[in-house]
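Peer 1: I have a structure I would like to understand better, so I am pasting it below and will then ask my questions one at a time.
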Amino acid sequence: MSKVPAELRYLKSHEWARLESDGTVTVGISDHAQQALGDLVFVEVPEPGRRVMAGEACAVVESVKAASDIYSPVSGEIVAGNAELGGQPELINRDPYGGGWIMRVRPEDKSQFAALLDAKAYEAALAAETH
Amino acid sequence: MPFIPHTPDDVREMLATIGVPDIETLFDEIPRELRAGSLESIPAGLTEMEIGRLMQERAARDGRRLNFIGAGAYEHHIPAAIWAIVTRGEFYSAYTPYQAEASQGTLQLVYEFQSMMTSLTGMQASNASLYDGASAVAEACLMAVRANRRSKSARVLVPASLNPTYRAVLTAIAGNQNLSAEILPYDARGGHLTAASLDKYQGEDVTALVIQQPNFFGTLEDVDVLTDLAHAAGMLVIAVVNPTSLAVLKPPGEWGSKGVDIVCGEGQPLGVPLSSGGPYFGFMTTRMEHVRQMPGRIVGRTVDLDGRPGYTLTLQAREQHIRRSKATSNICTNQGLLVTAGTIYLALLGARGLARVAAACIERTSQLVAALTRIPGVRGAFDRPRFHEAVLQLDRPVGPVLEALAARGIVGGYDLTPHYPALGAALLVCATETRTTADIDTYARALGEVLDKAAAA
């Protein structure tokens, strides 16, 4: 069973989001997503300063099997990309909710974050996917 | 006999199973007016004997003309060994196999090709080839849009002295993908791109600059200056090169202080016959930092579970069969057979052999230009160094002159008038290593007579 930390919010497309104390939202992919993709070999993180819409593809994670888009959970400005992933994409496999974070977004509208799936709803979505 | 495995009984059974009366009904959803209708205008098939006869007659009508036309496709000597090897059963397929790793020989050949192209262009990674030089330029521009992440504009600067066919194909392929190609003028005296023509783009968001070396006129560009200026302005640089010329010219990987970002071009000069314009092959190389944005297949060398070397398709995750509409390109095949010819050509000639071919081309073209510009009414258009082509200006329209030369068995060059009206009666000529001094004399004599006759009429 993959880990779904209770304090995070999720997208059906398997991104997680965490509201930080400075108001930014950190984004990564869930434990389930990294397991499904297998060993990651490359991560393309967005350039800081880029403006994104909620649901917009703004990063790419690539495994030996597939290259998948990462969607921003909220509209706003990219304030950081995880540069560590350039040399160590496997951080996502090892620590998807910690060192494997992908980007930070400064949201325009806080209500978008509140509307994301909570852990329970994401677990239900995962269950629905596998059955 | 049609190559369809189903018998009429099979077909009836399948139709009955899905409850459709006939095959025609399967196409019901296509509106009437969009249907091609009957194929009445297509003649019935010919037998092998008939088609062989027809093609021989047509080939005889072409005759064996003395050729002085280049303009993107070049008549080089092709050692007989090349096509003897290419047509061996082990190589004789136009495709990378679908179960690619089962064909280690094909993959090794492509890997050798890639190694040769990276070495020739001074870059770090090569793909397994593209359709031709023109589509390679279009793919390179689209790649630059993906790779230049600081640029948002998808504006690409394209010199007017880039092969006009490449410009047309770039517009056809990339024009509907939000890419805008802006044309840079050439210098009227040198036929080259000047540094000053980039001035007005300073401070603007431009994605990439295309530099063709030698350019369509055969003129050599100031590649170092142009590359550095473009990089300083945040553009990527795309080099479009003739592979033969790279044996004697600086490889694009060393242009300017950093080298270019993408190199592409037409592979035909490497052992592929002119053959009425195709099939040819395009090539593309790049730096490692952009390799994930490069379209097409890439063969890598690896080891198997027992540690033995082996070849495999690599970086496939961005390709069409995995990424669908988000693939880096919808070109996912390569020109396997022609790449085989190109690889054998380069292996047979070696670096020194290729340099001798290039040097002979430069020498023959200089002889040709000297012989033709001695004729009254013929002058060289540009004063810059060139590779193996040159623009001549005549004092009368080029079309009728070329027709009169053709009647004497000479293909006299490429009429630039339709693409470059500002150059007046301009003719692009080329002499490769296959033209002898006697050939050049024959052409000069014929052109003199044709112009005399036209002046007297």
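The values are calculated or read from the model by the stated rules, or taken from the named source; none is laboratory data. Because the structure is a prediction, the values reported are computed rather than measured. With ideal geometry, Cβ positions are generated from the backbone for all residues, glycine too; neighbour counts draw on all protein chains shown.
Here is a yes/no grid of residues against (1) under 23 Å from B:Lys453 (Cβ atoms); (2) without any contact (Cβ under 8 Å) to a residue 60 or more places away in the chain; (3) in a loop (DSSP other than H, G, I, E, B):
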| residue | (1), (2), (3) |
| --- | --- |
| B:Gly350 | no, yes, no |
| B:Ala359 | no, no, no |
| B:Arg364 | no, no, no |
| B:Arg379 | yes, yes, no |
| B:Ala404 | yes, yes, no |
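Peer 1: Still on this structure: Kindly provide the set of residues from segment B:301-347 that are within 12 Å of chain A (Cβ to nearest Cβ) and either under 26 Å from the mean Cα position of the chain (by Cα) or within 24 Å of B:Val272 (Cβ to Cβ) (or both), ordered by number.
Peer 2: B:Leu313, B:Thr314, B:Leu315, B:Gln316, B:Arg318, B:Glu319, B:Gln320, B:His321, B:Ser325, B:Lys326, B:Ala327, B:Thr328
Peer 1: Just need a number here: residues in segment B:137-181 that are of a type in the set (A, V, I, L, M, F, W, C) and within 14 Å of chain A (Cβ to nearest Cβ).
Peer 2: 1
Peer 1: Another question, then. From (1) farther than 23 Å from B:Val303 by Cβ; (2) at pLDDT 95 or above; (3) buried (at least 17 other Cβ atoms within 10 Å of the Cβ); (4) of a type outside the set (S, T, N, Q), pick out the condition that doesn't hold for B:Met116.
Peer 2: (1)
Peer 1: Looking only at segment A:83-102, how many residues end up being touching a strand residue (DSSP E or B) at 6+ places or on another chain (Cβ under 9 Å) and either loosely packed, with under 14 Cβ neighbours inside 10 Å or hydrophobic (A, V, I, L, M, F, W, C) (or both)?
Peer 2: 7
Peer 1: Among the listed residues B:Glu24, B:Glu50, identify the single one that is outside the structural domain of B:Thr434 (by TED's automatic domain parsing) and surrounded by 10 or more Cβ atoms within 10 Å (Cβ to Cβ).
Peer 2: Going through B:Glu24, B:Glu50 in turn, just one is outside the structural domain of B:Thr434 (by TED's automatic domain parsing) and surrounded by 10 or more Cβ atoms within 10 Å (Cβ to Cβ): B:Glu50.
Peer 1: OK, next. Filter segment A:53-69 down to residues that are surrounded by 19 or more Cβ atoms within 10 Å (Cβ to Cβ), under 20 Å from A:Pro107 (Cα atoms) and small (Gly, Ala, Ser) and give me whichever is nearest to the other protein chains (Cβ to nearest Cβ).
Peer 2: The residue in question is A:Ala59.
Peer 1: I'm trying to understand the selection: among the residues of segment B:214-233, which are surrounded by 24 or more Cβ atoms within 10 Å (Cβ to Cβ) and outside any loop (DSSP other than H, G, I, E, B)?
Peer 2: Within segment B:214-233, B:Thr219, B:Leu226, B:Thr227, B:Ala230 qualify.
Peer 1: On to the next question. Condition (residue is of a type in the set (Val, Ile, Thr), within 14 Å of chain B (Cβ to nearest Cβ) and within 26 Å of B:Ala147 (Cα to Cα)) applied to segment A:13-34: is it met by at least one residue?
Peer 2: no
Peer 1: Before we move on, is B:Gln177 in contact (Cβ under 8 Å) with a residue 24 or more places away in the chain, in the same structural domain as B:Pro273 (by TED's automatic domain parsing), in contact with a helix residue (DSSP H, G or I) (Cβ under 7 Å, 6 or more places away or on another chain) and surrounded by fewer than 17 Cβ atoms within 10 Å (Cβ to Cβ)?
Peer 2: yes
Peer 1: Return the residues of segment B:409-430 that are assigned to a loop (DSSP other than H, G, I, E, B), in contact with a strand residue (DSSP E or B) (Cβ under 9 Å, 6 or more places away or on another chain) and of a type outside the set (S, T, N, Q); say none if nothing qualifies.
Peer 2: B:Gly409, B:Gly412, B:Gly413, B:Leu416, B:Tyr420, B:Gly424, B:Ala425
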